[in-house]
């Protein structure tokens, strides 16, 4: 087990924070986090898998410890986040052998895959939708509906229902039974809320959420990529996810018929509640495809 290192990289005017562990000469696993967390969600994986692979986990701009510059409205779109990650990958000269993509990090990662910024040999996707309407729960349909509201109404709803301490807490705890919810580290919830209150962060998050429709428009592109690349793929899925059912995971078989599916009795944040099971599944998968 190697120590985890902590760094900042100056990328496109942003001080991008990232964690890494393992020998930089080993195959590199790029880890992209979800909303409203940060690279801290990979803290157990970084330590556990670093004997065999080089793991790199950045905080996306406006998340975690990253400190973006400039105006948030200019930067906080999914395309903007992807642009920052392109510069990050180039600056560190990362040869990405595998990627772990989750939630918002999944949609950023899909852009990097489709445009060739990263050309991994294996892919891990956790609780991230890529097929419109398939396996969506009510909360996901509510997100889709919000995109058709007036900007003023949608932003007001976001501030009230999501970008509040109650909303952020619910993002992590969902409707999980106490035996699972008790595994969610309250420090992760607190870090997310503290970041939400940093100067400019609330407006940045509003802009990013209002841009969510760009991910839906990107679905055909990433589906085409899946078919063409036909990478070995592991789908990790929490069956209690409040946004997406297991059907959303099975939808990937349309374009990745040989994918492996690992279902766990957790929600959207498996790296908090089931990190041992996730680490074991990822280690077994990478051992087959990145020996």
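A few remarks follow.
- Condition check for residue 180: touching a helix residue (DSSP H, G or I) at 6+ places or on another chain (Cβ under 6 Å), outside any loop (DSSP other than H, G, I, E, B), farther than 24 Å from residue 251 by Cα and at pLDDT 95 or above: yes
- Test: residue in region 244-253 that is over 18 Å from residue 108 (Cβ atoms) and without any contact (Cβ under 8 Å) to a residue 40 or more places away in the chain: yes
- Residue in region 75-86 that is surrounded by 23 or more Cβ atoms within 10 Å (Cβ to Cβ) and in a loop (DSSP other than H, G, I, E, B) present: yes
- Residue among 151, 83 that alone is over 28 Å from residue 228 (Cα atoms) and out of contact with any strand residue (DSSP E or B) (no Cβ under 6 Å at 6 or more places or on another chain): 151
- Residue list for region 235-278, restricted to those being outside any loop (DSSP other than H, G, I, E, B), more than 12 Å from residue 126 (Cα to Cα) and within 17 Å of the chain's Cα centre (by Cα): 272, 273, 275
- Listed here are the strands (runs of 3 or more DSSP E) enclosed by region 1-68 that have at least 1 residues being surrounded by fewer than 17 Cβ atoms within 10 Å (Cβ to Cβ): 4-11, 14-21.
- Taken over region 155-176, the criterion of being surrounded by fewer than 16 Cβ atoms within 10 Å (Cβ to Cβ) and either within 18 Å of residue 275 (Cβ to Cβ) or in contact (Cβ under 8 Å) with a residue 40 or more places away in the chain (or both) is satisfied by 159, 175.
The values are calculated or read from the model by the stated rules, or taken from the named source; none is laboratory data. Small disclaimer: the values here were computed from a predicted structure and weren't measured. When we count neighbours, we look across all protein chains shown, and the Cβ atoms used for this are built from the backbone with ideal geometry, even at glycine.
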